[in-house]
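Enquirer: Quick one: the structure is below, and I'll ask about it shortly.
The values are calculated or read from the model by the stated rules, or taken from the named source; none is laboratory data. The shown structure was predicted, so the numbers you read here are calculated from the model rather than taken from an experiment. For neighbour counting, all protein chains shown are included, and Cβ atoms are generated from backbone atoms with ideal geometry for every residue, glycine included.
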Amino acid sequence: MSVRNPEPAAVRRSVPFYLVALGFLCGAGVAAQSRINGQLGAALHDGFAAALISFCGGLLIVLVALAFLPKGRSGVRRLASAVRNREIPPWYLIGGACGALIVLSQGLTAAILGVALFSVGIVAGQTVGGIVVDRRGMGTMSARPLTARRIVGSALALAAVALAGSTEIGSSVTIWVVVLPFIAGGVQAFQQAVNGQVRSASESTATTTLLNFVTGATVLAVAFVIHSSIAGWPIHFPPQPWLYLGGVLGATFIAVSASIVRAMGVLLLSLATIAGQLVVALLLDIVAPTSRNGVTAFTVVGTCLTLVAVAIAALPRRTTARRTTATK
């Protein structure tokens, strides 16, 4: 999760602890979803099928919720009008395809790497990708200059991936398995940027979420059909019900994040979510490891280094906000 925007000054003065706890739990949900989708992919021997099942589960939840949200339905009309009138370019609507890559990477690599190392790759990619998106800007989001701290944070994030993945690469694990989560994290920064533009045009978080799930499910369905036509169709589906809850978790933590971001601010929510994702991912691998190597010292150090990298990359935004407030 990239940390691109400073939270409002009013939010920084007092944020209830339960909101921070909810942000942490959202991150824990991301880690749990990675474990579930990774295990489902391993059980099916098909990460494409696991990703599609997860996305379809989330899409079903969103469709049910949208039936009770008139604002979400009107948001669809506003978004269609904005695209038709060229207020936003059509390619802003591809955010769901980025989400599809993230869920697909869960199904393909999380069970091999373990959730902790997978999460290090995702978060490091988000940190670096967020800096790149900030530097270029997008739509109503103006470009932001690079700072020494953000460059250091980006370098530390890259070092964390290299360190944490060093024990896996070369032990019969090909390098793409480690690199794919990092790429998926970087793509997620772009997804967040275009989602912000779609949210602004539609004036509805529900509409933005629906668009992401519809687009992502469509992309994954095409990829699944192509892959299965070549490699064969899955014939055995595991009986454990919890393996099919990845999409439900995804829709839930997206909804919770959307409901508390205004009160917490983007920066604090991002840090709380990232902390929850990394800490819970590490605990999951300690309690029930899936990787052959289990949790190594390199994974622990890489996780801690990623937390430090994210904090360093986020600091300039908070400092700038404080200075602006003081000037006023």
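Enquirer: When only residues in segment 289-328 that are of a type in the set (Gly, Ala, Ser) and in contact with a helix residue (DSSP H, G or I) (Cβ under 8 Å, 6 or more places away or on another chain) count, which is modelled with the lowest pLDDT? Don't jump to the end; show me each part of the working.
Expert: Let us first name the residues in segment 289-328 that are of a type in the set (Gly, Ala, Ser), namely 291, 294, 297, 302, 309, 311, 313-314, 321, 326.
With in contact with a helix residue (DSSP H, G or I) (Cβ under 8 Å, 6 or more places away or on another chain) added as a condition, the list becomes 291, 294, 302, 309, 311, 313-314, 321.
On the way: SER291: 69, GLY294: 68, GLY302: 87, ALA309: 84, ALA311: 81, ALA313: 74, ALA314: 68, ALA321: 42.
Ranking the qualifying residues of segment 289-328, first place goes to ALA321.
Enquirer: Which of the residues that make up segment 54-65 are surrounded by 15 or more Cβ atoms within 10 Å (Cβ to Cβ), out of contact with any Ser or Thr (no Cβ under 8 Å at 6 or more places or on another chain) and not hydroxyl-bearing (Ser, Thr, Tyr)? If you could, list the steps in order and put the result at the bottom.
Expert: Filtering segment 54-65 for residues surrounded by 15 or more Cβ atoms within 10 Å (Cβ to Cβ) gives 54-62, 65.
Pick out the ones that are also out of contact with any Ser or Thr (no Cβ under 8 Å at 6 or more places or on another chain) and you get 54-60, 65.
Correct list: PHE55, CYS56, GLY57, GLY58, LEU59, LEU60, ALA65.
Enquirer: Here are the criteria: (1) at pLDDT below 80; (2) of a type outside the set (Lys, Arg); (3) over 25 Å from VAL308 (Cβ atoms). Tell me which single one TRP176 does not satisfy.
Expert: That leaves (1) as the condition not met.
Enquirer: Are there any helices (runs of 4 or more DSSP H) wholly within segment 150-269 with 3 or more residues that are of a type in the set (A, V, I, L, M, F, W, C) and closer than 25 Å to VAL120 by Cβ, and if so which? Give the derivation first.
Expert: Numbers: elements: 175-202, 205-231, 246-264.
Output list reads 175-202, 246-264.
Residue-by-condition table, conditions (1) in contact with a helix residue (DSSP H, G or I) (Cβ under 8 Å, 6 or more places away or on another chain); (2) surrounded by fewer than 17 Cβ atoms within 10 Å (Cβ to Cβ); (3) without any contact (Cβ under 8 Å) to a residue 60 or more places away in the chain; (4) more than 24 Å from ARG35 (Cα to Cα):
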| position | (1), (2), (3), (4) |
| --- | --- |
| SER74 | no, yes, no, yes |
| VAL103 | yes, no, no, no |
| GLN106 | yes, no, no, no |
| ARG144 | yes, no, no, yes |
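Enquirer: Using beta carbons and a limit of 8 Å, which pairs, at least six apart or on different chains, have the first residue in segment 245-268 and modelled with pLDDT under 85 and the second one among the acidic types (Asp, Glu)?
Expert: Filtered contacts from segment 245-268: MET264/GLU7; GLY265/GLU7; VAL266/GLU7; LEU267/GLU7; LEU268/GLU7.
Enquirer: Oh, and also: Run ALA275 past the list (1) under 30 Å from PRO89 (Cα atoms); (2) under 15 Å from the mean Cα position of the chain (by Cα); (3) among the aliphatic types (A, V, I, L, M) and report the number of the one that doesn't hold.
Expert: Answer for ALA275: the failing condition is (1).
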